[in-house]
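**Student:** The structure is given below, and queries will be raised subsequently.
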Amino acid sequence: MKAIRVHTPGGPESMVFEDIDLAPPGPDEIRVRHTVIGVNFIDTYHRSGLYKLPLPARIGSEAAAVVQAVGANVTRVKPGDRIGYVNVVGAYAEEANIPAWRAVKLPDWISNETVAASMLKGFTAQYLLKRTFPVQAGQTILVHAAAGGVGLILCQWAKHLGVTVIGTVGADSKRELALANGCAHVLNSRTDDIVAKVKELTDGVGVPVVYDSVGKDTFESSLDCLAVRGLMVTFGNASGPVPAFEPHRLAPKGSLFLTRPTLVHHIRTAEETQETADDLFAVIRSGAVKIAVHQRFALSQAREAHEALHSRATTGATVLIP
Ligand code: NDP
């Protein structure tokens, strides 16, 4: 079968589309054939070596799929079942073996494309809004990269929970999209003074939480957007990792809190995974959160997909079709 592999970590050109052999699934694994594969920023960190994988590396962390075969101990799914999964590397491929407990059986009403475009990003929005900082109706929050994959879902969901969202985008062309997807206010991160605008929009108080996935470029200004005892959630590195930071600096800025969460610790078991999926699928089914796939590429064009992500020109979700 064909898969994308990285032999030497580097830029998008380091992804090679090649034939590989796949062993039969282990006793607790299932063999799946991917129908649609999600593209996520974490794939770029795996490709570049920012997050290290054994080489040659299979990358890709999310897909919708159909079960082909099951290992000897597996009872929760059977061949022919339609499933979605996240957090198993190797999704950039026609097929994969995954731990059976990671598979979420899909309800009939949801499309493969919606699943591949929403599970990893929507699970992230879910834990950020409900577990990292449980938002409350009436609050005003700041979300960076509001028109991105995670951003569009996070902002719609926050609005659905009664929150006023200030979103940032890197281009005026993304403004309308962000406004139509949950943001009450949209700031341009390249031209606006974000701290001054956030203070203006919050009567000088600041926001109780910043969801910051941009990392290096926005970390310092995000801290300055927070209200006293606010929470800085740095959850991504789209512009590069945040440099070393001295905790004592949080005191004069208002006894701030700082966290660096990651999805893997929020879906540690099949039960946690299913609960998160149920919550996400419910807001999608109700129409409160719409899933937008704005970029589609063939699996063999993963390089172009990554170039698009790096260009900051994408909005919403990007998928690969095997
Ligand atoms: P996005 O679709 O949001 O793409 C990233 C966006 O970041 C860009 O569109 C761009 O939007 C913005 N950005 C700002 N600076 C840069 C830069 N220098 N280079 C590239 N992009 C930049 O990606 P995803 O939805 O896949 O992921 C969003 C973020 O969330 C990523 O940082 C990812 O690592 C993180 N994440 C973290 C998880 C966790 O559990 N910790 C789980 C899932 C995702 P604009 O130009 O409008 O600013």
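The values are calculated or read from the model by the stated rules, or taken from the named source; none is laboratory data. From a predicted model like this one, the values you see are computed outputs, not experimental measurements. Heads up, the Cβs are rebuilt from the backbone with ideal geometry, glycines too, and the neighbour counts pull from every protein chain shown. Heavy atoms of the whole protein, side chains included, go into the accessibility calculation; ligands, DNA and RNA do not. Shrake-Rupley method; radii C 1.70, N 1.55, O 1.52, S 1.80 Å.
**Student:** Restricting to the range 241-265, name every residue that is in contact with a helix residue (DSSP H, G or I) (Cβ under 6 Å, 6 or more places away or on another chain), closer than 23 Å to V86 by Cα and either of a type in the set (A, V, I, L, M, F, W, C) or open to solvent by 60 Å² or more (accessible area, probe 1.4 Å) (or both).
**Tutor:** L263
**Student:** For L226, indicate whether it is farther than 28 Å from H46 by Cα and open to solvent by 50 Å² or more (accessible area, probe 1.4 Å).
**Tutor:** Against the criterion (farther than 28 Å from H46 by Cα and open to solvent by 50 Å² or more (accessible area, probe 1.4 Å)), L226 does not qualify.
**Student:** Is there a residue being at pLDDT 95 or above, in the same structural domain as L154 (by TED's automatic domain parsing), in contact with a helix residue (DSSP H, G or I) (Cβ under 6 Å, 6 or more places away or on another chain) and part of a helix (DSSP H, G or I) anywhere in the range 275-290?
**Tutor:** No, every residue in the range 275-290 fails to be at pLDDT 95 or above, in the same structural domain as L154 (by TED's automatic domain parsing), in contact with a helix residue (DSSP H, G or I) (Cβ under 6 Å, 6 or more places away or on another chain) and part of a helix (DSSP H, G or I).
**Student:** Quick check on my filter: what residues within the range 71-96 are in contact with a helix residue (DSSP H, G or I) (Cβ under 7 Å, 6 or more places away or on another chain) and either aliphatic (A, V, I, L, M) or buried (at least 22 other Cβ atoms within 10 Å of the Cβ) (or both)?
**Tutor:** Hits for the range 71-96 are V74, V77, G84, Y85, V86, V88, V89, Y92.
**Student:** While we're here: Give the range 26-49 a look and list any residue that's within 16 Å of the ligand (Cβ to nearest atom) and crowded, with 19+ Cβ neighbours inside 10 Å, or say none.
**Tutor:** Within the range 26-49, V36, I37, G38, V39, N40, F41, I42, D43, T44, Y45, H46, R47 meet the criteria.
**Student:** Tell me the residue from T140, T168 that is at pLDDT 95 or above, polar (S, T, N, Q) and open to solvent by 10 Å² or more (accessible area, probe 1.4 Å), please.
**Tutor:** Checking each option against the conditions leaves just T140.
**Student:** So which strands (runs of 3 or more DSSP E) are wholly in the range 189-265 and hold at least 3 residues that are within 16 Å of the ligand (Cβ to nearest atom)?
**Tutor:** Because the criterion is at least 3 residues that are within 16 Å of the ligand (Cβ to nearest atom), the strands (runs of 3 or more DSSP E) in the range 189-265 that meet it are 207-212, 226-234.
**Student:** Quick check, is R33 in the same structural domain as T315 (by TED's automatic domain parsing) and in contact with an Asp or Glu (Cβ under 9 Å, 6 or more places away or on another chain)?
**Tutor:** yes
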